[in-house]
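For reference, the structure is listed below as structure tokens.
The values are calculated or read from the model by the stated rules, or taken from the named source; none is laboratory data. Small disclaimer: the values here were computed from a predicted structure and weren't measured. Cβ atoms come from the backbone with ideal geometry, glycine included; neighbour counts cover every protein chain shown. Each accessible area value is taken on the protein alone, full model and side chains, heavy atoms only, with ligands, DNA and RNA left out. Shrake-Rupley method; radii C 1.70, N 1.55, O 1.52, S 1.80 Å.
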Amino acid sequence: MAREHHYCGAAWTRNLAGMIVVPNVPKFKVANMDRIAARCNVPRACALLVDDRPENIVAAERAGYVGVLVDEQTGITPRIAKNIMDRLKECAQAE
């Protein structure tokens, strides 16, 4: 999928889509998650990275975030969407 179709959850990060390719993408993803979680005041356990790259999911989970792996062809299926919503509901109820 083209880079212009990928967006982070926080609008202020959308300008990152135009950046050059970063050599260590998993590290870059975690750094972005750190910024987003801090800016949105969300605990790591309630910040989700939805990605089609297993290495990005592993890096996010090692850093304490929730990783949701999707297939690059099918994207977010109804089952995955339900999983995401269930996780977000759990976090909302814990607050």
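Summary of values
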item: Hits in the range 50-95 (condition: open to solvent by less than 90 Å² (accessible area, probe 1.4 Å), under 16 Å from residue 24 (Cα atoms) and assigned to a helix (DSSP H, G or I)); result: 54, 55, 56, 57, 58, 59, 60
item: Hits in the range 56-94 (condition: in contact with a Lys or Arg (Cβ under 9 Å, 6 or more places away or on another chain) and of a type outside the set (A, V, I, L, M)); result: 56, 64, 65, 72
item: Single residue of 37, 81, 60 found to be small (Gly, Ala, Ser), on the phi < 0 side of the Ramachandran plot and out of contact with any Pro (no Cβ under 9 Å at 6 or more places or on another chain); result: 81
